[in-house]
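Heads up: the structure comes next, in structure tokens.
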Amino acid sequence: MKYFNYILIILGAVIAVYSKAGTEQNQYVLIGGIMVLMIGIYRISRGIPSKNTDDEDVVNTNKEDE
């Protein structure tokens, strides 16, 4: 399934570049390409875990109170 995300990113980038390449720029195609690109990036970023854990957040809030 992760390959699908990469395909979305590449497809969105190609569509966005293609729509900007011609003399007649179709803005709807450009917006569609950017949307596909952003959906692919969002789907990949959902799977990346956070650097911070809940324990670190508790320690940081206690230090702020002092």
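The values are calculated or read from the model by the stated rules, or taken from the named source; none is laboratory data. Just so you know, these numbers come straight off a predicted model, no measurement behind them. The accessibility values were calculated without ligands, DNA or RNA, using every heavy atom of the protein model including side chains. Shrake-Rupley method; radii C 1.70, N 1.55, O 1.52, S 1.80 Å.
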Practice problem: Working only within the stretch 5-16, note down all residues that are under 13 Å from the mean Cα position of the chain (by Cα) and open to solvent by less than 50 Å² (accessible area, probe 1.4 Å). | Solution: Asn5, Leu8, Ile9, Gly12, Ala13
Quiz item: Out of the residues in the stretch 17-49 that are open to solvent by 100 Å² or more (accessible area, probe 1.4 Å) and at pLDDT 90 or above, which is farthest from the chain's Cα centre (by Cα)?
Solution: Met35
